[in-house]
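Just below is one structure, and these are the notes that go with it.
The values are calculated or read from the model by the stated rules, or taken from the named source; none is laboratory data. Not measured: the values here are computed from a predicted model. Heads up, the Cβs are rebuilt from the backbone with ideal geometry, glycines too, and the neighbour counts pull from every protein chain shown. Calculation scope for accessible area: heavy atoms of the full protein, side chains included, ligands and nucleic acids excluded. Shrake-Rupley method; radii C 1.70, N 1.55, O 1.52, S 1.80 Å.
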Amino acid sequence: MVYNLIKEIDMKLYKYIFLILLATTFVACDDEEDLGKSNIVIDDTKNEIDQWIYDNLTKTYNIEVKYEWDDTELENDKVLAAPALDKVLPFLKTLKKSWIEPYEIHGGETFIRTYIPKLLVLVGSRNMNDDGTMVQGTAVGGRKVVIYQLNEFDPEYQNSSKAFLKRMLHVMHHEFGHILHQTVMYPDEFKLVTAGGYTSAWMNVSETDALSEGFITPYSKLDVDENFVETIATILTNSKDQYDAILLRGSSAGQKLLRTKEEIVANYFQDVWHIDIYALQADIYKVIQEMDLEEVAGE
Amino acid sequence: MKNTILIILACLLAFTACDNEVDELFEQSSQERINDAKIEYKDILTSSENGWVIEVIPGAENKGAYSAYVTFNDDGKVYLSTDFSPYDYEAEIDSSLYEINYTQGMTIAFTTFSQMNYFSNPNNSGGTGLGGDVELLVKEISDDKIVCEGKVNKGSFIFTKADTKSHIDALNEVLKVEEALIGKTYFSDYAFPVLQFEDGTKVSFIYDSYYRAVSTTEYKNTADGVEINKSILRVKFDKTGMSFIDSLEVDGNVVSRLDYNATDNSFKTPSDQSTAEFIISPLPPAEIAGVADAFINSKYGTISSYGKNFKAIMDPFSELYPLFAEIQFSRYYSYSGITFKFKPNDYPYAKLKDNEITKMSESEIKFEFDTYVDKYSNMFKYHIEDRLTTPEGQAIMDVLFSDSGFSLFSEDNVNFTLVKKDDPTIWFMMYMSESGL
């Protein structure tokens, strides 16, 4: 009897001890604990360039621009150099006027904010390949676009800088085209126009031969996606007359194929994105023609 | 019962095991220590009253050193200027942004393009860079000295406190010394820059301002001919002279420095080293066998550079005939001669006697004049004879077709130096090739 009583008391004691221990574990999970000051320090001071980027690109279009050296954003096997400070804003201002704003007018605010690449990385030097060719721009996953050779952009020399801007716009339209077709695929009929003409040795094809085969640039012979976006980029970086003149450099058979591709691209822009590509083409050309680079850079 | 006790003990042990009060090696977390280090490094960089001078030795083996004066500001901007300016003899202030980061260690990075990028710029090196670095891993740091290593190419960057605020003046003093060396090499009377030792040993000494390096060539006469030993030595300049990063050693003579004397425009070794002087010699440092044959057997060439006295003869002709482009040599069947190229595509020439160059010895040649030839003469608007018989033209002809002939020197049988035998202050270099026109 006494033994049973002691045993009963012990059992209760153990239960209490167990419950107390259990309770302490809940105390440990108390989420009201003050974790103290964060040890991650973010330097949010902005210089003039940072502030312009924030006000005009980040806040408005959700674009981040990296212009300071950050090798984690670049190819490890290449020697590259950062842009000079005095090149960054002049280039970004002209790019905004000649790329983002015309697209915003024709595609709408939501369109441009949704699909524009979210990270623009600027590099000052050339990106040279072992074979002596140069990479003018690269894009990663529809999110990041890298622009090279910025240190050669000098608004004081309008003609050469406009030619440079045109090359960079080609890159931007090219990469933006990838984002668009990765969002809504272009019609299958585009794939069939020059189905047998693709090659990984596109660099060995001359511009004239490419045109005669129905490809707008030698690079467009790489694959169908590149073909599609090169067509977009060539339309949007030339006036209609200039585009027609490019086509005339190829054979009549090539011209016919290129016109078919142009029609598919124009319909794709109209049907999917409700953008008249010819009106966009005209506006971009007008902006570039009328733009005083020095004046824009100084704004 | 025993099981219950064991379970409770196990629970207690489990809670003991979860104790996170482990002994810390540091009072702060790693992130806190990095944050504190960033603040400390920035304080050190910005607190030097006159800024810093950085002695930079790029990571590539054959690129010499330069000095950079830098002033780090609180706002993340660094003002800098270097004494390495291969395109200009005047130092200029440049600016860049900088950051203090932790990557493979604490790092000072120049994050926008500036003069610090010269050796890491693919544009001036066919895409490969010249061994430069803009991200510097800090190895040692104190209030007075910072030792860093380039993150990619492992160059050396040693910061010491600058002793003057006048960075440009300090750099221009250094540039004057470099300019003096270049001036002696390219604007002296004679053709052959040489380091001459007291014991008579001579070493060919060519300074390359683009690489901040000296290429030296030692010539030794052996039973098999002249033995040629070449080396490239990196150098650095200061306001009193130039130093070799690795000493130059020739036949037991060791030289690590040349002091510059502005009064007599000379470069000599300091008194504690082998006695040597940088001179420009009238004669080649060695006689290379077969050099005359090599020149004669070349089929095409151009005068690629010349000394100041030949320049004084060439310039009036160029002024008189602005379309005159250059002097070439061609040996093409019956058309062998000294060609006077006029822009855009006129090639009249002074034909050589018997279409041949005269060999005077193993290292001496002579051009002998035959006649003037206006090749396809109906295409020319003038006759070459008219132009070369002017006083300006005749002065050139007198040199080229001198009776004394030329001493020849070449290490590679492609670039030949021709020194007029009766006046070694007149010399020029010809780049020759085997291919015909």
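Quick notes
- Summed residue charge, Cβ within 13 Å of A:ASP77's Cβ, Lys/Arg positive, Asp/Glu negative: -2
- Using a cut-off of 23 Å between Cα atoms, the listed pairs A:LYS166/B:LYS343; B:LYS154/B:LYS230; A:LYS87/B:LYS145; B:LYS145/B:LYS165 include A:LYS166/B:LYS343; B:LYS154/B:LYS230; A:LYS87/B:LYS145 as exceeding that distance.
- If R0 is taken as 51 Å, the Cβ-Cβ distance between B:ILE182 and A:ALA195 corresponds to a FRET efficiency of 0.25.
- Carbon/sulfur fraction of accessible area - region B:291-433, other protein chains in place, 1.4 Å, %: 48 percent
- Convex hull of region B:30-165 built on C-alpha atoms - directionally averaged projected area, nm²: 8.2 nm²
- Springs join every pair of Cα atoms under 10 Å in this Gaussian network model of chain B, and among B:LEU175, B:LEU25, B:LEU400 the largest mean-square fluctuation is at B:LEU25.
- Long hydrophobic helices in chain B, taken as whole DSSP H segments with a C-alpha length of 15 Å or more on their own axis and mean Kyte-Doolittle hydropathy at least 0.0: B:2-17, B:167-186.
- Environment charge at B:PRO270 (Cβ cut-off 14 Å; Lys +1, Arg +1, Asp -1, Glu -1): -3
- Between A and B, accessible area buried - total, square angstrom, nearest 100, 1.4 angstrom probe: 2300 Å²
- Of all DSSP beta bridges confined to the protein assembly as shown, the antiparallel ones make up roughly 95%.
- Given R0 = 25 Å, the distance between the Cβ atoms of A:ARG143 and A:ASP44 translates into a calculated FRET efficiency of 0.65.
- Estimated distance in nm for a label pair at A:VAL272 and A:ASP244, the labels positioned 7 Å out from Cα along Cα-to-Cβ: 2.8 nm
- Contact-buried residues of region A:70-116, at a threshold of 30 Å² lost accessible area versus the chain by itself: A:ASP71, A:VAL79, A:ALA81, A:ALA82, A:LEU85 (1.4 Å probe; DNA, RNA and ligands ignored).
- At 1.002 mPa s and 20 °C, Stokes diffusion of region B:297-425 via Kirkwood alpha-carbon radius, µm² per second: 141 µm²/s
- Ranked packing of A:287-297, B:72-82, most packed first, by mean Cβ within 10 Å: B:72-82, A:287-297
- Cα-based shape type of region A:185-292, given that a ≥ b ≥ c are square roots of the gyration tensor eigenvalues and the cut on a/c is 1.5: oblate
- Sorting the segments A:112-118, B:62-68 by their mean number of nearby beta carbons within 10 angstrom, highest to lowest, gives B:62-68, A:112-118.
- Rounded if a/c under 1.5, otherwise prolate or oblate - chain A, Cα gyration tensor axes: prolate
- Axial C-alpha extent at least 20 Å, average Kyte-Doolittle at least 1.0 - helices from chain A (DSSP): A:2-28
- Per residue, the accessible area of region A:185-292 comes to 46 Å² when a 1.4 Å probe rolls over the protein heavy atoms.
- Percent accessible area from carbon and sulfur atoms, region B:30-165, protein chains only, probe 1.4 Å: 44 percent
- Carbon + sulfur, % of accessible area of region A:185-292 - ligands and nucleic acids excluded, 1.4 Å: 51 percent
- The label-point distance for B:PHE26 and B:ASN101, in a model that sets each label 7 Å from Cα toward Cβ, rounds to 1.9 nm.
- For chain B, built as a Gaussian network whose Cα springs stay under 10 Å, the top-fluctuating residue of B:THR358, B:THR269, B:THR103: B:THR103
- For chain B, the solvent-accessible area with a 1.4 angstrom probe is 49 square angstrom per residue.
- At 1.567 mPa s and 4 °C, Stokes D of the protein assembly as shown from Kirkwood alpha-carbon radius, µm² per second: 40 µm²/s
- Per-residue ellipticity at 222 nm from helix content only, as computed over chain A with -39500 (n - 2.57) for each DSSP H run of at least four residues, stands at -16500 deg cm²/dmol.
- Accessible surface, per residue, of region A:48-183 when the full set of protein chains is kept, probe 1.4 Å, Å²: 40 Å²
- FRET efficiency for the B:ALA223 to B:ASN355 pair, using the beta carbon distance and R₀ = 30 Å, is estimated at 0.25.
- Residues in region B:109-144 occluded by at least 50 Å² - accessible area, probe radius 1.4 Å, against chain by itself: B:THR111, B:THR112, B:PHE113, B:PRO122, B:ASN123
- A 1.4 Å probe, protein heavy atoms only, puts the accessible area of A:ASP44 near 110 Å².
- Less than 5 angstrom separates the built amide H of B:MET106 from those of B:VAL138, all sequence-distant by 5 or more or on a different chain.
- Percent of beta bridges antiparallel (DSSP, region A:48-183, rounded to nearest 5): 45 percent
- Shape category assigned to region B:90-225 from the gyration tensor of Cα positions, a/c cut at 1.5: prolate
- Cα pair count fraction exceeding 32 Å, expressed as % - chain B: 55 percent
- Candidates B:ILE168, B:ILE141, B:ILE108, ranked by Gaussian network fluctuation over chain B, Cα under 10 Å, top entry: B:ILE141
- Contour excess over end-to-end distance, with Cα ends at B:ASP144 and B:ALA262 and 0.36 nm allotted per residue: 39.3 nm
- Taking a sphere under 9 Å around the Cβ of B:PHE244 and counting the other residues whose Cβ falls inside, with K and R at +1 and D and E at -1, yields a net charge of +2.
- Rounded to whole Hz, the Karplus (6.51, -1.76, 1.60) HN-Hα couplings of region B:193-205, x for glycine and proline: x, 9, 9, 10, 8, 4, 7, x, 4, 10, 10, 5, 9
- Across chain B, the relative contact order, built from alpha-carbon pairs under 8 Å that are at least six residues apart, equals 11 percent.
- Peptide B:75-85 shows a mean partner chain C-beta count of 1 within 10 Å per residue C-beta.
- Counting only DSSP beta bridges whose two residues both lie in chain B, roughly 100 percent are antiparallel.
- Against the criterion of solvent-accessible heavy-atom surface with a 1.4 angstrom probe, B:ILE146, B:ILE34 sort, most first, into B:ILE34, B:ILE146.
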